[in-house]
Amino acid sequence: MTTRSARYGIGQIIQHRFFPFRGVVFDVDPTFDNTEQWWLSIPEEMRPAKDQPYYHVLAENEQTVYVAYVSEQNCLPDETGEPCRHPQVCELFDGPFDGVYRPKTGGPIGQAN
């Protein structure tokens, strides 16, 4: 299995290609890193490839907020220009600045390695 560079970065706002939700990327897996059961639960005709980046997203739709795990092939850049309302966004990020959130300095995402 080969890996490729992620198209979206931490703090970017994305939309799902098929489902009506959007959200902020807070982590990226270079390839699929969830359970086989989760992957098999996706209908075969929509099941994404495993050898691509997968994004952990603080997601929201009209009814609720949640955490989503999304393959790169199902991500689109969000072009609404609207901030995200997920309550964890303000815990992890500052912004948005020009449509992108920045990890809080010293927070779980913005810690120096």
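The values are calculated or read from the model by the stated rules, or taken from the named source; none is laboratory data. Just so it is clear, the model here is predicted, and its values are computed rather than measured. All Cβ positions, glycine included, derive from the backbone under ideal geometry; neighbour counts span all protein chains shown.
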Of the residues in segment 32-58, those that are more than 10 Å from residue 70 (Cβ to Cβ) and surrounded by 15 or more Cβ atoms within 10 Å (Cβ to Cβ) come to 32, 52, 58
Answer residue from segment 68-82, given it is closer than 15 Å to residue 33 by Cα and of a type in the set (A, V, I, L, M) and is surrounded by the most Cβ atoms within 10 Å (Cβ to Cβ) among those | 70
Only strands (runs of 3 or more DSSP E) wholly contained in segment 31-113 count here; list those with 1 or more residues that are of a type outside the set (Phe, Trp, Tyr), in contact with a Leu (Cβ under 9 Å, 6 or more places away or on another chain) and closer than 12 Å to residue 14 by Cα.
-> 54-60, 65-71
Tell me which residues, restricted to segment 56-108, are among the β-branched types (Val, Ile, Thr) and within 30 Å of residue 40 (Cβ to Cβ).
-> 57, 64, 65, 67, 70
What do you reckon, is residue 18 over 25 Å from residue 97 (Cβ atoms), surrounded by fewer than 18 Cβ atoms within 10 Å (Cβ to Cβ) and out of contact with any Cys (no Cβ under 6 Å at 6 or more places or on another chain)?
-> yes
Candidate set: segment 50-69, residues that are in contact with a Lys or Arg (Cβ under 9 Å, 6 or more places away or on another chain) and hydrophobic (A, V, I, L, M, F, W, C); chosen: the one nearest to residue 5 (Cα to Cα) | 57
Where a residue in segment 51-75 is closer than 13 Å to residue 25 by Cβ and its partner, wherever it lies, is aliphatic (A, V, I, L, M) and surrounded by fewer than 21 Cβ atoms within 10 Å (Cβ to Cβ), with Cβ under 6 Å and at least six apart | 53/6; 53/28; 55/28; 57/68; 59/68
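Each row is one residue, and each column tells you yes or no for (1) under 26 Å from residue 108 (Cβ atoms); (2) at pLDDT 95 or above; (3) over 12 Å from the mean Cα position of the chain (by Cα).
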| position | (1), (2), (3) |
| --- | --- |
| 12 | yes, yes, no |
| 55 | yes, yes, no |
| 64 | yes, yes, yes |
| 71 | yes, yes, no |
| 76 | no, yes, no |
